[in-house]
Amino acid sequence: MGKDVIIACDFASKEETLAFLDRFSGKKPFVKIGMELFYAEGPDIVRQIKQRGHKIFLDLKLHDIPNTVRKAMASLSRLDVDMVNVHAAGTIAMMQAALEGLTRPDGTRPLLIAVTQLTSTSEERMQKELLISAPLNETVIQYAKNAKAAGLDGVVCSPLEAGIVKFACGKEFCTVTPGIRFADGEAGDQVRITSPQKAKEIGTDYIVVGRPITAAADPVAAYQRCLDEFVD
Ligand code: C5P
């Protein structure tokens, strides 16, 4: 599994996104396109960024009945993205259907990962509102094991959980981790955070970095700093 930094392109429009990517002259960072941009601009934004030579993590977090997810994944697979995701809460049957839909006639497919518990969900809310009585870490591990049983490639989790996921599912099982902040940076609304350097020590495969790069005075330098701390 190649270590890489994925930039979360949380912009509202195509113009803003392409202007941002233009700043990286020559470099082709791995980018994450989420719901905000995809719902605003549609599949064409994915094709355009792909055509520019970027790898793309399409972060749409599918969660529906297996048949719907299978067909939706077939549509996403034709967009030629590199990574897509589902909610593990959709069950093993849904994740298996996602994998089937994603697999192209020639046998190739994008990486498929599952969201465990969102990092915005506290253990208290999970227990009181969702009536999941297990500790949060146990839920994350169980969801990761379900994802592995369904044949998925890995999970999205907090960098602080990457170690226990690797321990439970094996080091080949991929972890993709947002919640990254420079040691001397602002936390913003993220709570369970760590630095690119610490994420490397924990052993995660991909870090997803948004505002520490997109809101930096010099985004290209901030991206390079992430690479220096995490990859090199
Ligand atoms: O700006 P920031 O670095 O906080 O961006 C993190 C990105 O990762 C955002 O696009 C956010 O939606 C996403 N994400 C997250 N926590 C999760 C899943 C996804 O922060 N559990």
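The values are calculated or read from the model by the stated rules, or taken from the named source; none is laboratory data. Quick caveat: nothing in here was measured; it's all calculated off a predicted structure. Glycine gets a Cβ as well: all are built from the backbone with ideal geometry, and neighbour counts include every protein chain shown. The accessibility values were calculated without ligands, DNA or RNA, using every heavy atom of the protein model including side chains. Shrake-Rupley method; radii C 1.70, N 1.55, O 1.52, S 1.80 Å.
Can you tell me which condition G107 does not meet? The list is (1) under 28 Å from F167 (Cβ atoms); (2) open to solvent by 40 Å² or more (accessible area, probe 1.4 Å), and all the others hold.
(1)
Counting only residues that are in contact with a helix residue (DSSP H, G or I) (Cβ under 7 Å, 6 or more places away or on another chain) and open to solvent by 60 Å² or more (accessible area, probe 1.4 Å), which one in the range 1-13 is nearest to A199 (Cα to Cα)?
K3
Condition check: β-branched (V, I, T) and under 26 Å from P212 (Cα atoms). Does I92 satisfy that? Steps first, answer last, please.
Details: β-branched (V, I, T): yes; under 26 Å from P212 (Cα atoms): no.
Answer is no for this residue.
For the range 153-170, indicate whether the set of residues that are under 17 Å from K61 (Cα atoms), modelled with pLDDT of 95 or more and part of a loop (DSSP other than H, G, I, E, B) is non-empty.
Initial filter on the range 153-170 (under 17 Å from K61 (Cα atoms)): 153-158.
Filter once more, keeping what is modelled with pLDDT of 95 or more: 153-156.
Those left that are additionally part of a loop (DSSP other than H, G, I, E, B): 153.
Scanning the range 153-170, I find at least one residue that is under 17 Å from K61 (Cα atoms), modelled with pLDDT of 95 or more and part of a loop (DSSP other than H, G, I, E, B), so the answer is yes.
Report, ordered by the first and then the second residue, all pairs with beta carbons closer than 9 Å, sequence separation of six or more or different chains, a first member in the range 2-30 that is free of Cβ contacts under 8 Å to residues at least 40 places away in the same chain and in a helix (DSSP H, G or I), and a second member that is open to solvent by 50 Å² or more (accessible area, probe 1.4 Å) and within 15 Å of the ligand (Cβ to nearest atom).
Here the result reads K14/A40, each pair linking the range 2-30 to a residue that is open to solvent by 50 Å² or more (accessible area, probe 1.4 Å) and within 15 Å of the ligand (Cβ to nearest atom).
Which number in (1) open to solvent by 10 Å² or more (accessible area, probe 1.4 Å); (2) within 14 Å of the ligand (Cβ to nearest atom) marks the one condition that Q142 misses?
(2)
Of the conditions (1) open to solvent by 10 Å² or more (accessible area, probe 1.4 Å); (2) more than 25 Å from L152 (Cβ to Cβ); (3) away from the ligand (no atom under 13 Å from the Cβ), F24 clears all except one; give me its number.
(1)
Taking into account only those residues within the range 205-221 that are away from the ligand (no atom under 15 Å from the Cβ) and in a helix (DSSP H, G or I), which is surrounded by the most Cβ atoms within 10 Å (Cβ to Cβ)?
Step by step, filter the range 205-221, then rank; the result is V220.
Contact list please: Cβ distance under 8 Å, first residue in the range 175-204 and near the ligand (Cβ under 9 Å from one of its atoms), second residue open to solvent by 80 Å² or more (accessible area, probe 1.4 Å) and assigned to a loop (DSSP other than H, G, I, E, B), pairs at least six apart or on different chains.
Qualifying pairs under 8 Å: G179/V191; G179/R192.
Out of (1) more than 18 Å from K61 (Cα to Cα); (2) under 15 Å from the mean Cα position of the chain (by Cα), the odd one out for I207 is which?
Exception for I207: condition (1).
If you check A97, A89, A149, which single one turns out to be open to solvent by 40 Å² or more (accessible area, probe 1.4 Å), under 20 Å from H63 (Cβ atoms), more than 16 Å from the ligand (Cβ to nearest atom) and out of contact with any strand residue (DSSP E or B) (no Cβ under 6 Å at 6 or more places or on another chain)?
Details: A97 fails: open to solvent by 40 Å² or more (accessible area, probe 1.4 Å); A89 fails: more than 16 Å from the ligand (Cβ to nearest atom).
Every option except A149 fails the conditions.
Taking the range 50-70 as the search range and keeping residues that are open to solvent by 60 Å² or more (accessible area, probe 1.4 Å) and in contact with a helix residue (DSSP H, G or I) (Cβ under 6 Å, 6 or more places away or on another chain), which one is farthest from K14 (Cα to Cα)?
It comes out as R70.
Only one of (1) within 21 Å of K3 (Cβ to Cβ); (2) more than 16 Å from the ligand (Cβ to nearest atom); (3) of a type outside the set (K, R); (4) outside any helix (DSSP H, G or I) fails for L131. Which number is that?
All conditions are met except number (1).
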